[in-house]
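Taking it in order: structure first as structure tokens, then the write-up.
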Amino acid sequence: MELCEDFLNRVQTFNIQTWFIKTSQLNPYKCAKHGWKNTGYNQLTCSVCQTKLEYEEPDYDVDYDYESELRRVTAFLNALEKSHHPNCPFSDGSVPFRLSSDFVYLNSEAFFQKNLETFDKIPNDKLSLPLLTPKVFDYLGEENVDLLWNYNEGTRNKTSVNAARIFALLGWRLAEVEEKLYLLCPFCGSYADIFYYATSFGQIQNLEENERISVESNKPLFDPADEHRFFCKWCSSERIIHPKPIGWQATLDFLRQRHYPFIRTGEAIIPEIEGSKGMADHSSLLKKEIMLNTQKLRTVSYTHLTLPTIYSV
């Protein structure tokens, strides 16, 4: 797990202020796999040998064309592998750790438990969480919402959910930064200021009430799937990039097997996340991320925010 921890720590250095509007070929997984972390605007630094790389963006208003961009990307991909010091463990394209779909699948339940621990350690009367959008029923389905319910809390009515377990399942952890709580995804580095959203105390939420509170407070509800970046291997709607079950889906497989042992792996009822159909190519995914990132930059201030290491064992 140490190599995985190092890899995820590198991924978490990439953010929308300093690594923005890149082709999917240069996504943070690709860079982190070869040892690079994001240390400045369009700047990468090897986490071991400290070699630096600069990505030179074209003037999109003057000299941008597809062929020149393709050559630029190809050259930079080559530099990711070839620019390390000869004694660096990442030299000559060596990859000590690869976040494969199989690795995520086999370790998904452990990651889910680590996510959940960050919520469970805070007493309910001090646990303030964003209110979830009712769309969680669309991606999870009634049966899986039931599966995530803690039956020590009594019988679930049709609009109640255990929000903490849904956040944990869909990849989120709690972290405190400068006395403020944030939701963080260790798999894509996405993070959200909790108090930008409508909130409530405790792990249990009533989704019908959430919509009313959102309107009254003039604050949005939180969509725990849409807030991830498009390349995320824990929670992404993009089946083009992730043809195999990704983290949250794999976790449901394991949880359902524990409760219903006659169900074989891969048979969990996992509805499609809205929007996953009809995505034709990587450019569509990139356009979607640009739109989401631009919206984030307009509504949430990230200035001077230094995030902690959010993967922890």
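The values are calculated or read from the model by the stated rules, or taken from the named source; none is laboratory data. As the structure is a computational prediction, the values presented were derived from the model and not from experiment. Cβ coordinates were reconstructed from backbone atoms using ideal geometry, including for glycine residues, and neighbour counts include every protein chain displayed. The area values use the complete protein model at the heavy-atom level, side chains included, leaving out ligands, DNA and RNA. Shrake-Rupley method; radii C 1.70, N 1.55, O 1.52, S 1.80 Å.
Selection of first residues in the stretch 110-126 that are touching a residue at least 12 places away in the same chain (Cβ under 8 Å) and of second residues that are loosely packed, with under 12 Cβ neighbours inside 10 Å, restricted to Cβ pairs under 9 Å at least 6 apart or on distinct chains, gives the following pairs, ordered by first then second residue: Lys114/Val313.
Please give the number of the condition Asp92 fails out of (1) free of Cβ contacts under 8 Å to residues at least 40 places away in the same chain; (2) part of a helix (DSSP H, G or I); (3) within 27 Å of Arg212 (Cβ to Cβ). All conditions are met except number (3). Among Leu80, Leu116, which is assigned to a helix (DSSP H, G or I), open to solvent by less than 40 Å² (accessible area, probe 1.4 Å) and touching a His at 6+ places or on another chain (Cβ under 7 Å)? Leu80 is the lone residue from the list that is assigned to a helix (DSSP H, G or I), open to solvent by less than 40 Å² (accessible area, probe 1.4 Å) and touching a His at 6+ places or on another chain (Cβ under 7 Å). Could you tell me whether Lys82 is under 30 Å from Val48 (Cβ atoms), at pLDDT 90 or above, touching a strand residue (DSSP E or B) at 6+ places or on another chain (Cβ under 9 Å) and among the charged types (D, E, K, R)? No: the conditions fail for Lys82.
Based on what the data block shows, is Ser100 among the small types (Gly, Ala, Ser), under 30 Å from Lys30 (Cα atoms) and surrounded by 15 or more Cβ atoms within 10 Å (Cβ to Cβ)?
So Ser100 fails the test.
The rows are residues; the columns are (1) under 23 Å from Phe230 (Cα atoms); (2) out of contact with any helix residue (DSSP H, G or I) (no Cβ under 8 Å at 6 or more places or on another chain); (3) open to solvent by 30 Å² or more (accessible area, probe 1.4 Å); (4) aromatic (Phe, Trp, Tyr).
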position: Ile16; (1), (2), (3), (4): yes, no, no, no
position: Pro28; (1), (2), (3), (4): yes, no, no, no
position: Thr39; (1), (2), (3), (4): yes, yes, yes, no
position: Asp59; (1), (2), (3), (4): no, yes, yes, no
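A single entry from Thr13, Thr39, Thr118 fulfils the requirement of being touching a Ser or Thr at 6+ places or on another chain (Cβ under 6 Å), among the hydroxyl-bearing types (Ser, Thr, Tyr) and at pLDDT 90 or above: Thr39. Looking across the stretch 42-62, just one residue is on the phi > 0 side of the Ramachandran plot and at pLDDT 95 or above, and that is Gln50.
Against the list (1) touching a residue at least 40 places away in the same chain (Cβ under 8 Å); (2) open to solvent by 20 Å² or more (accessible area, probe 1.4 Å); (3) outside any helix (DSSP H, G or I), the condition Pro86 fails is (1).
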